[in-house]
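**Q** Let me begin by handing over the structure; questions about it come next.
The values are calculated or read from the model by the stated rules, or taken from the named source; none is laboratory data. Computed from a predicted structure; not experimentally measured. Here the Cβ is made from the backbone with ideal geometry for all residues, glycine too, and neighbour counts use every protein chain on show.
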Amino acid sequence: MAKRFGSTVAVVMGRIASLLGPGRMRSIARFNRRVTNPIQRLWAPYLPYYAVIEHTGRKSGKQYQTPVMAFVERGKLAVMLNYGAESDWVRNIKAAGSAGVVHRGNRYRLSDPQVVPTDSPDLPSAIQAAGAGAGSALYGTLVRTGG
């Protein structure tokens, strides 16, 4: 049941992203950064299909925590990039080559992060099914670092 819910949400979000287009999705991203992300950071680290990505600003050196819808399977993390691969948090992770991840109360290190097309066979089926709207996903290996 929970797996189906995550897949359904991913498909709906992908379709919304496709309908709105990149410009409107960037506007939503700016709103989320200031309004909804601070609230989501409170519960995202503990729920299935959500995670908080901990990353460092590539220019500022400032520490950030970004809540995302995440699929964690077999030691891999996949995040559909509804706001595009040029989002600041994605660029920060790519520049650093790694990031911290908190998922279901556990801490991980994300290594070898890559932006891949959503039709990649490496990705969970939920992201493949929803992929048309986002077009790409962040994908990498997770290593547990603590509880």
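**Q** Hey, can you tell me all the residues within region 107-119 that are at pLDDT below 90 and closer than 23 Å to residue 97 by Cβ?
**A** 118
**Q** Residue 98: touching a strand residue (DSSP E or B) at 6+ places or on another chain (Cβ under 9 Å), among the small types (Gly, Ala, Ser) and surrounded by fewer than 21 Cβ atoms within 10 Å (Cβ to Cβ), yes or no?
**A** yes
**Q** Hey, residue 43 hits all of (1) surrounded by 16 or more Cβ atoms within 10 Å (Cβ to Cβ); (2) under 15 Å from residue 107 (Cα atoms) but one; which does it fall short on?
**A** Failing condition for residue 43: (1).
**Q** Working carefully through the options 120, 111, find the one that is assigned to a loop (DSSP other than H, G, I, E, B) and surrounded by fewer than 20 Cβ atoms within 10 Å (Cβ to Cβ).
**A** Sole residue among the options that is assigned to a loop (DSSP other than H, G, I, E, B) and surrounded by fewer than 20 Cβ atoms within 10 Å (Cβ to Cβ): 120.
**Q** Please go through (1) surrounded by 16 or more Cβ atoms within 10 Å (Cβ to Cβ); (2) at pLDDT 95 or above; (3) within 24 Å of residue 34 (Cα to Cα) for residue 87 and return the number of the only condition it doesn't satisfy.
**A** (2)
**Q** To continue, here is another question. Out of 139, 83, 64, I need the residue that is in contact (Cβ under 8 Å) with a residue 12 or more places away in the chain, within 15 Å of residue 44 (Cβ to Cβ) and not aliphatic (A, V, I, L, M). Which one?
**A** Answer to the selection: 64.
**Q** Still on this model: Only one of (1) under 18 Å from residue 49 (Cα atoms); (2) of a type outside the set (A, V, I, L, M); (3) surrounded by fewer than 16 Cβ atoms within 10 Å (Cβ to Cβ) fails for residue 103. Which number is that?
**A** That leaves (3) as the condition not met.
**Q** Let me ask something additional. Looking at 120, 87, can you tell me which residue is over 14 Å from the mean Cα position of the chain (by Cα), more than 14 Å from residue 54 (Cα to Cα) and not charged (D, E, K, R)?
**A** Sole residue among the options that is over 14 Å from the mean Cα position of the chain (by Cα), more than 14 Å from residue 54 (Cα to Cα) and not charged (D, E, K, R): 120.
**Q** Taking the conditions exactly as written (modelled with pLDDT of 95 or more, of a type outside the set (Phe, Trp, Tyr), more than 27 Å from residue 59 (Cα to Cα) and in contact with a Leu (Cβ under 9 Å, 6 or more places away or on another chain)), does residue 104 satisfy them or not?
**A** Taking the combined requirement at face value, the residue satisfies it.
**Q** Among residues belonging to region 72-84 that are small (Gly, Ala, Ser) and surrounded by fewer than 20 Cβ atoms within 10 Å (Cβ to Cβ), point out the one that is nearest to residue 139 (Cα to Cα).
**A** The residue in question is 75.
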